[in-house]
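Inspection log for the structure reproduced underneath, given as structure tokens.
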Amino acid sequence: MVMKHEGGSHWFLKHESGMIVDLTVRQFKKKPNYKKAKGCGFLTKKPSWRAEDVMTVLIWGASYL
């Protein structure tokens, strides 16, 4: 998902259940309004290694990144 927030683009993951995964939310002064975000595909055919790490942690319950 992507949205404009505090003067720039902000990317985060949204599970089909509606759960938001936003590892960088702490960088903002104000919490993003996730309802303003739009779904957007990956820029490559596959997710980045970082995105795959996050998805692995969520799926398998790993305690590391």
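The values are calculated or read from the model by the stated rules, or taken from the named source; none is laboratory data. Note that the structure is predicted; figures quoted are calculated from it, not measured. Here Cβ is always computed from backbone atoms with ideal geometry, including for glycine, and neighbour counts include all displayed protein chains.
Assorted remarks:
- Residues located in the range 20-47, provided they are farther than 19 Å from E6 by Cα and surrounded by 10 or more Cβ atoms within 10 Å (Cβ to Cβ): C40, P47
- Contacts under 6 angstrom Cβ, first residue in the range 4-20 being on the phi > 0 side of the Ramachandran plot, partner in a loop (DSSP other than H, G, I, E, B), 6 or more apart: E6/F28
- Criterion applied to K30, K46, K4 was being out of contact with any Pro (no Cβ under 7 Å at 6 or more places or on another chain) and not in a loop (DSSP other than H, G, I, E, B), and the one residue passing it is K4.
- Criterion (at pLDDT 90 or above and hydrophobic (A, V, I, L, M, F, W, C)) met by exactly one of A51, A62, A37: A37
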